[in-house]
Structures are given as structure tokens and as C-alpha cells.
1. Return a yes/no flag: does region 75-82 have any residue that is out of contact with any helix residue (DSSP H, G or I) (no Cβ under 6 Å at 6 or more places or on another chain), farther than 30 Å from ARG169 by Cβ and either in contact (Cβ under 8 Å) with a residue 24 or more places away in the chain or not hydrophobic (A, V, I, L, M, F, W, C) (or both).
2. Tell me, yes or no, whether region 157-164 has at least one residue that is surrounded by 14 or more Cβ atoms within 10 Å (Cβ to Cβ), among the charged types (D, E, K, R), at pLDDT below 95 and on the phi < 0 side of the Ramachandran plot.
3. Which of the residues belonging to region 14-42 are exposed (fewer than 12 other Cβ atoms within 10 Å of the Cβ) and either in contact (Cβ under 8 Å) with a residue 40 or more places away in the chain or among the basic types (Lys, Arg) (or both)?
4. Do we have ILE104 as more than 15 Å from the chain's Cα centre (by Cα) and more than 30 Å from PHE179 (Cβ to Cβ) here?
5. Can you give me the number of residues within region 1-29 that are touching a Leu at 6+ places or on another chain (Cβ under 9 Å), among the basic types (Lys, Arg) and over 20 Å from VAL99 (Cβ atoms)?
6. Taking PRO103 as meeting all but one of (1) touching a Lys or Arg at 6+ places or on another chain (Cβ under 9 Å); (2) over 23 Å from HIS143 (Cα atoms); (3) part of a helix (DSSP H, G or I), write down the number of the exception.
7. Look at region 85-139 and say how many of its residues are more than 17 Å from ALA60 (Cβ to Cβ) and polar (S, T, N, Q).
Amino acid sequence: MGLKNSRTRWGITAKTFHWIMAIAIIGNGMCGLLMVRMTPSMAMINVFALHKSIGLTVIALWLLRVAWRMQDRAPREEAGPRWQHVAAHITHGLLYVLVLAIPISGWWYNSVRGFPLQWFKQFNLPAIASANPGLSNVAHNIHETLFWILIAVVVVHIGAALKHHFVDRDSVLLRMLPFGRVKQSRLYKGEEK
């Protein structure tokens, strides 16, 4: 398996971006849910700082992933109903938008609260808006709402992958797993039966 995608499966680079980002996003979501339930303390401040740093890392990974994706053609789609291909494209589009929008909305929330923003205590990042306590609740609600929308889209995404694997018995999930073996006999979109 090469760094780039083949006609039938995702390459190492695409898989690495997918799984590292998935782990970062899930971990950061859990971190966010934890920190809002903590009592004010140094531990809470450290969890907030970690949450912000991971969010900034997700933005950087998103930019790198999109840059890679623009020059590395996706594998051919497996044959299936048109509605499934349309649904998959919509779901992936939503995932890309939400994965960027959530950390940016968090950055905005942090900025209107007037808090400093550091990346793993290495360097400071500028505010993307002026401090405005009146916008704090709006910014927080947007950030949180986007998170819950992402959860719903991720559930659909995982559900579709499991349906492909266990019901359709095709290679859609296997093509993205780190060590999955692709079933070579599958037809791809546009091929004759």
C-alpha cells in the first residue's frame, strides 16, 4: 500500500489523516464535555488549555488534509444506488465543514471572552474578534450546537460504514481501515456487470 490512493483503496496518507483527526475530534469532544462539568480549579484551566490546543491542531490537520486531498485522487466509488452516493457526498461535505467550523467557532468564543489562546504552551495566537462579553453566550451556543450536529453526522457516517460492511458486505469500510483487505471482486461505479 502506497502513500497515495489507488483505484480501489485509500493510501496511507489519507488513512493517517482520517484516523488521527477522528481520534483528536472524539478526544476533544470528550474533553469539552468533561471541562464544563469541572469545578473552577487549576485542573479545569489545564483541561481548557488542552481542549483549545487540540482544536487548533485540528484546524492545522484539516488544512493539510484538504491540501493533500486536492492533489490525490479518491479511489473509485463502489457500485451502488445513486441516492447512496449522493448521501455519502453530502455527509462527507458536512463533516469537512463541521470539522473546521467547530474549532473556529471555539476560537471566536475564546476571543469574545477575551481569553489568551496558546498552542500547547508553545506560542500565542491572536484573537479573531474583539472582546465582547455580550456575544459570549451566542458564541458558546454556536460552538456547542455545531458539536452536537457533528455528533449526529458522525453517527450517520459510522452507521453507513457498518451497513456497508455487515449488510452490503462490500469494501467501503475495509478501504479506510488501517489493515483492511479490499475484496477484489467488487464492481465500481461506472463498470459493467
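1. No: zero hits.
2. The answer is no, given that none of the residues of region 157-164 is surrounded by 14 or more Cβ atoms within 10 Å (Cβ to Cβ), among the charged types (D, E, K, R), at pLDDT below 95 and on the phi < 0 side of the Ramachandran plot.
3. Selection gives ARG37 alone.
4. On the way: more than 15 Å from the chain's Cα centre (by Cα): no; more than 30 Å from PHE179 (Cβ to Cβ): yes.
For ILE104, the condition - more than 15 Å from the chain's Cα centre (by Cα) and more than 30 Å from PHE179 (Cβ to Cβ) - is not met.
5. Of the residues in region 1-29, 1 are touching a Leu at 6+ places or on another chain (Cβ under 9 Å), among the basic types (Lys, Arg) and over 20 Å from VAL99 (Cβ atoms).
6. Checking PRO103 against (1) touching a Lys or Arg at 6+ places or on another chain (Cβ under 9 Å); (2) over 23 Å from HIS143 (Cα atoms); (3) part of a helix (DSSP H, G or I), the one that fails is (2).
7. Final tally of qualifying residues: 6.
The values are calculated or read from the model by the stated rules, or taken from the named source; none is laboratory data. Everything numeric here is computed off the predicted structure, so don't read it as measured data. Please note: Cβ atoms are built from the backbone with ideal geometry, for glycine as well, and neighbour counts cover all protein chains shown.
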